[in-house]
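The values are calculated or read from the model by the stated rules, or taken from the named source; none is laboratory data. Quick caveat, the model's predicted, so the values are computed rather than measured. A quick note on method: Cβ atoms are made from the backbone with ideal geometry, for glycine too, and the neighbour counts reach across all protein chains shown. Protein only, heavy atoms only, side chains kept; ligands, DNA and RNA dropped before computing areas. Shrake-Rupley method; radii C 1.70, N 1.55, O 1.52, S 1.80 Å.
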Amino acid sequence: MNITTKFSDKVKHLEASAIREIFKLLAKPGIISFAGGAPDPNLFPTEELAEISADILRKQGKTALQYGVTEGYDPLRTWVKERLKKQGIFKDADEAIIVSGGQQGIDLASKSLLNPGDGLVCEEPSFIGGLNSFRSNNAEIYGVPVAEDGMDMEKLEALLKEHQNIKVLYTIATFQNPSGITMSLEKRKKLLTLASTYDFIIFEDNPYGELRFMGEDVPTIKSLDTEGRVVYFGSFSKILSPGLRLGFTACDKQLMERMIICKQVEDVHTNVLSQMIAYEFVTRYSIDAHIQKLREVYGRKCQLMMACMDKYFPSSVKHTHPEGGLFLFCTMPDGIDSKEVMQKALDKGVAFVPGATTMIDDKQSYPTFRMNYSTATEEEIEKGIQLLGEVLYEVVGE
């Protein structure tokens, strides 16, 4: 029997994350990887978490190892809501849930809102995890290009006028993945005006927002929302540990009721032990002091990577200038396929993420690629960018 003929419409066209597939190529010894999206593991508070874990299992093991409630471990959930209130994000009409990583929040909201054929707008380029969630829910996905100050609002409005089926817009407005670009305050306000005019929901994905290492904070779209149109996704993955698989979502209570039911179907509840560990960490220690340490390290690495690119890359290869987060985006001259460049780079011992993986039509060729600066050491950044520069000179010349 050909089992592939039995696949559901929701999954039969999905491809494995190209980023995860790239990881399989990194088994070769000596590869310097700028392909991942992970935090620097040297910054994980391993000693503190080890002590906390042992304490919990000794003193509260029966709770930590038992089933939990779908909404989340109440002390952590309460802490999250209070923190979001201080940031102006959590409103009186809202509810919050602890999810198994920010990715699950995106998927729960997508399942709760999107019918097959509903329109969804996203930045282009965008986050592969979000794109695959929208694809799996059979949404009609429309892309809007990202300028230096965020999504092009004129092109967005033209798209909204052309397509009457658009129900949701997805954005990583702050330190966007993959570009590292931050949407301006003016554009955030314009986006809310368009959402009200054309009656759509905004998914604001903000896993990197606390990792600002230069420039001034820009208010979240959710904090500016007065109509309950914004669904907000946050994460502990980038500020504490991705392995704990903890995120959170805040939105209007009525939508949250649907998301809770969907989560009960998916996994019943988020890992209780992980939630308890996170809560103990944020109450025993200063999460803000820990985040400040991350900012300092990532800011230094980002500045180093950009300086090395300016030194070793051809002048025709441009890059973005992030003020925070984990990524920057490079653009080569038109007509060059970054997937082919990646193969040459791997031969040199360097890896990055080709631009095609971040686009709605990932079968086309694109002259762009994503670079991560958080995981590699400073020595690896210098060496890896120099090697990649040699490849780029071979491909694009000056």
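Table for the structure above
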item: Single unsatisfied condition, Arg188 versus (1) within 23 Å of Glu296 (Cα to Cα); (2) in contact (Cβ under 8 Å) with a residue 24 or more places away in the chain; result: (1)
item: Qualifying residue in region 261-271 (condition: closer than 30 Å to Asn137 by Cβ, assigned to a helix (DSSP H, G or I) and open to solvent by less than 40 Å² (accessible area, probe 1.4 Å)); result: yes
item: Residue in region 100-147 that is farthest from Gly36 (Cα to Cα), counting only those that are in contact (Cβ under 8 Å) with a residue 60 or more places away in the chain, of a type in the set (Gly, Ala, Ser) and assigned to a loop (DSSP other than H, G, I, E, B); result: Ser100
item: Within region 1-55, tally of residues that are touching a helix residue (DSSP H, G or I) at 6+ places or on another chain (Cβ under 7 Å) and at pLDDT below 65; result: 5
item: Close pairs (7 angstrom Cβ cut-off, 6 or more residues apart or separate chains): within 14 Å of Thr249 (Cβ to Cβ) in region 82-93, surrounded by 11 or more Cβ atoms within 10 Å (Cβ to Cβ) and of a type in the set (Val, Ile, Thr) anywhere; result: Ile89/Thr220
item: Residue identified as closer than 27 Å to Phe34 by Cβ, open to solvent by 10 Å² or more (accessible area, probe 1.4 Å) and β-branched (Val, Ile, Thr) among Thr182, Thr193; result: Thr182
item: Selection status of Gln254, open to solvent by 30 Å² or more (accessible area, probe 1.4 Å) and closer than 16 Å to Ala96 by Cβ; result: yes
item: Residue that is surrounded by the fewest Cβ atoms within 10 Å (Cβ to Cβ), among those in region 307-364 that are of a type in the set (A, V, I, L, M, F, W, C), part of a loop (DSSP other than H, G, I, E, B) and in contact with an Asp or Glu (Cβ under 9 Å, 6 or more places away or on another chain); result: Ile360
item: Enumeration of residues in region 196-233 that are acidic (Asp, Glu) and either in contact with a Cys (Cβ under 6 Å, 6 or more places away or on another chain) or open to solvent by 20 Å² or more (accessible area, probe 1.4 Å) (or both); result: Asp199, Glu210, Glu216, Asp217, Glu227
item: Residue, most open to solvent (accessible area, probe 1.4 Å), within region 53-76, restricted to residues that are in contact (Cβ under 8 Å) with a residue 24 or more places away in the chain and within 21 Å of Leu108 (Cβ to Cβ); result: Tyr67
item: In region 138-160, residue surrounded by the fewest Cβ atoms within 10 Å (Cβ to Cβ) [restricted to those that are under 18 Å from Ile128 (Cβ atoms) and in contact with a helix residue (DSSP H, G or I) (Cβ under 6 Å, 6 or more places away or on another chain)]; result: Ile141
item: Sole residue being among the small types (Gly, Ala, Ser) and not in a helix (DSSP H, G or I), chosen from Gly299, Gly234; result: Gly234
